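The values are calculated or read from the model by the stated rules, or taken from the named source; none is laboratory data. Remember, it's a predicted structure, so these values are computed and weren't measured experimentally. Backbone-built Cβ (ideal geometry, glycine too); neighbour counts: all protein chains shown.
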Amino acid sequence: MKQFNWQRSSALSAALLMTMSACQPLNIAQAKSQPQTRIKGCNAESLLLPAHKDVEALRKLYEQYLGRTPVEIELGLSRTEFAQSLAQLSAGLERLTEQSLSSEDAALLKRLQQDYATELRQVDQPRDDRNRWFGLPSRRPRPTGLPPALTGAQPAPAEAVAQSKVSRDQVGRAQPIAPTSISPPTPEPRFQDKDRRHLPGTFNTEDYQRINENPFFLPQRTPLSTFSIDVDTASYSNVRRFIRQGQLPPKDAVRLEELINYFDYDYASPKGDQPFSVSTEVATAPWNNQHKLVHIGLKGKELEKEQPSNLVFLIDVSGSMKRPNKLALVKKSLCLLVHQLKPEDRVSLVVYAGRAGIVLPSTPGTQKATIMNAIDRLEAGGSTAGAAGIKMAYDMAERHFLKNGNNRVILATDGDFNVGQSSDAELERLIEQKRDRGVFLTVLGYGTGNYKDNKMELLANKGNGNYAYIDTLLEAQKVLVNDLRGTLFTIAKDVKIQVEFNPQKVQAYRLIGYENRLLRDQDFNDDQKDAGEIGSGHTITALYEVIPAGVKSDVELPDIDPLKFQKPTSSSNSSDLMNLKLRYKQPTGSKSQLISTAIADKNRSIQAATDNLKFSAAVAMYGMVLRDSNYKGEATLNQVLDLAEQAKGEDLQGYRTAFMQLVERSQTLQQVRAEETKAQVSP
């Protein structure tokens, strides 16, 4: 077998990115019903989401004439950053003597220059040609050490941060991808590819907890299945980041339940005092027509009146956060959240690097400008004492605790804690103690390369909160604006599910996903055992794959010897497939309440199922294909697209359409991987 050629792999991936960039941009949501994407942000600047018409126009010009799009355009920009990128584009076009703009594109460029004339005049004009191309200032960078937020020093402009020593060393090392018709090479864009992706063979320290996929169980031996619900969505946006950057994700980055729960489903609203509704459905499994798929859906109650919030933003400003997809994106994300604050809300801001510090004391929601100015002053530098920052943030939250309010720490980081009290066990105990006192934790993950997914998921799980990965400003809008109520306002906590299977109806079963949320059977009735939370309006979905009794399946089932002393129990000829039980607590309660319902056996084809079941099945099938699951059966990405198309519905926010675009890109990547594999084994 030939030795694998990493250079060839990188070239193929780069070519793939070029091919994909010529297609319709992959946006998280392009909702006609959404508000205007130009949003007032820090220091009265406007934040332009990746779906904004001007950003898409700028992206088109870059891809058409320069062959490469700066990373800031993919993430989302302020108006000043937009003007900088526009100036870079203009400078690059001046160099292209062999290719002129079409009349349509020339008019588009002129319109953008007119609309952003004020910001263009404010762009610092550098001295040399290279800086002129990049839009970089000629100022000297700030010395490394404590972040200015802790020293009280006057912050350098955002452009100066980009000129850190690391970035200066990188400038000019590689040439950008350019159309073959253009002969003069052009300098590297402001940030190298490693800010956006980590292709095979390149260095990175991203860390994911190993997933041991749930196997099939026999109900005669294991009649109960018990797990905690999960409302996290980080895996989906992280997988999307890999795909968009031209690389299939690692298997352990694909958590099926988080892919499924990224989407809302049309479940019935709860009635009476019950905090959530329960919906169930049974149909044929689309990847194996001998099996059945059991769909369980929960929907949280919408709060009629929101509680006041006591929020503590805990921001990682260590040196590892200098990249544009880290602290710069954090600041823009939090600006979106600040605009949702009510007058009765309060916000504090704590940062940590070599040490932790309070940047903004508790401030009422009426003082949005004060809050946003504090966020805007943040700069990255120093090592990472994450645990010290977490402790200080919790202390701040407890100091201003609202008895009848939402008390929450919002941690924004890449998860790379490397200095101080950073063992998982110590952090777990600290977060559990604060959770029991009524202060919950939301974790927002950012960045690539050193991203610590396993640690961040652990912290959110222990803190009675949710975990999201923010890869663009558009995802920040989804998490912190569109889904804000469900993200911040908990309506039920410690929600557990326990299912008992009828051995007369079920030969074997497996839970799809939730591998790191499994509980012991006795944990279901133990009110001391922590479990998941449901937010206002949240929908939660779980799927079981069931092999009916008497079916000769092509799946290898566990081989267990017959029991000598136990006798199989009769189910009284029940027609029920399984019995579903749920336990939950009120947000401030300590005693759980029980809900129980039977799920009847049904012989329904996947085509006759609801859109809820079909779309969740399509997403699960997509995850199984990405993971190359042992249980994916006949699943293909074409099947995923067909089923998702049937269940797309109105899709007002565009998330399901964007999912289908993601699947199409995954198909292209699979083809590239197949070609690479074939090239390795060919003589």
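Some points to look at:
Rundown of residues vs (1) in contact with a Phe, Trp or Tyr (Cβ under 9 Å, 6 or more places away or on another chain); (2) surrounded by fewer than 16 Cβ atoms within 10 Å (Cβ to Cβ); (3) polar (S, T, N, Q), yes/no style:
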| site | (1), (2), (3) |
| --- | --- |
| L582 | yes, no, no |
| S590 | no, yes, yes |
| D601 | no, no, no |
| S605 | no, yes, yes |
| A620 | yes, no, no |
| L626 | no, no, no |
| N630 | no, yes, yes |
| G633 | yes, no, no |
| L637 | yes, no, no |
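- Selection from the stretch 432-478 of residues that are within 22 Å of L402 (Cβ to Cβ), under 13 Å from the mean Cα position of the chain (by Cα) and not β-branched (V, I, T): L444, N466
- Pairing residues of the stretch 446-472 that are surrounded by fewer than 22 Cβ atoms within 10 Å (Cβ to Cβ) with residues that are polar (S, T, N, Q) and in a helix (DSSP H, G or I), at Cβ distances under 7 Å and at least 6 apart in sequence or on separate chains, gives N450/S320.
- The lone criterion from (1) under 25 Å from K251 (Cα atoms); (2) surrounded by fewer than 23 Cβ atoms within 10 Å (Cβ to Cβ) left unmet by R435 is number (1).
- Selected residue [in contact (Cβ under 8 Å) with a residue 60 or more places away in the chain and over 26 Å from D252 (Cβ atoms)] from I491, I512, I497: I491
- Reported count of residues in the stretch 425-467, each being farther than 16 Å from D395 by Cβ and touching a strand residue (DSSP E or B) at 6+ places or on another chain (Cβ under 8 Å), is 20.
- In the set S348, S362, only one residue is crowded, with 18+ Cβ neighbours inside 10 Å, in contact with a helix residue (DSSP H, G or I) (Cβ under 8 Å, 6 or more places away or on another chain), closer than 21 Å to G465 by Cβ and not hydrophobic (A, V, I, L, M, F, W, C); that residue is S348.
- Residues being of a type outside the set (A, V, I, L, M, F, W, C), farther than 15 Å from K326 by Cβ and assigned to a loop (DSSP other than H, G, I, E, B) - total across the stretch 426-463: 3
- None of G537, G513 is at pLDDT 95 or above, on the phi > 0 side of the Ramachandran plot and within 29 Å of the chain's Cα centre (by Cα) except G513.
So that you can scan it fast, the table gives a plain yes or no per residue for (1) closer than 30 Å to M396 by Cα; (2) buried (at least 19 other Cβ atoms within 10 Å of the Cβ):
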| residue | (1), (2) |
| --- | --- |
| Y236 | no, yes |
| V239 | no, yes |
| K251 | no, no |
| N261 | no, yes |
| A268 | no, no |
| H291 | no, yes |
| H295 | no, yes |
| G300 | yes, yes |
| L303 | yes, no |
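- Checking each residue in the stretch 231-248 for being in a helix (DSSP H, G or I) and closer than 12 Å to G623 by Cα picks out S235, Y236, V239, R240.
- Residues (modelled with pLDDT of 50 or more, of a type in the set (K, R) and in contact with a helix residue (DSSP H, G or I) (Cβ under 8 Å, 6 or more places away or on another chain)) located in the stretch 194-226: R210
- Every pair of residues 6+ apart whose Cβ atoms lie under 9 Å, when the first sits in the stretch 78-107 and is within 30 Å of K331 (Cα to Cα) and in the same structural domain as R59 (by TED's automatic domain parsing) while the second is at pLDDT 90 or above and basic (K, R): S78/K332
- Any hit, the stretch 655-677, residues being part of a loop (DSSP other than H, G, I, E, B) and either surrounded by 18 or more Cβ atoms within 10 Å (Cβ to Cβ) or in contact (Cβ under 8 Å) with a residue 12 or more places away in the chain (or both): no
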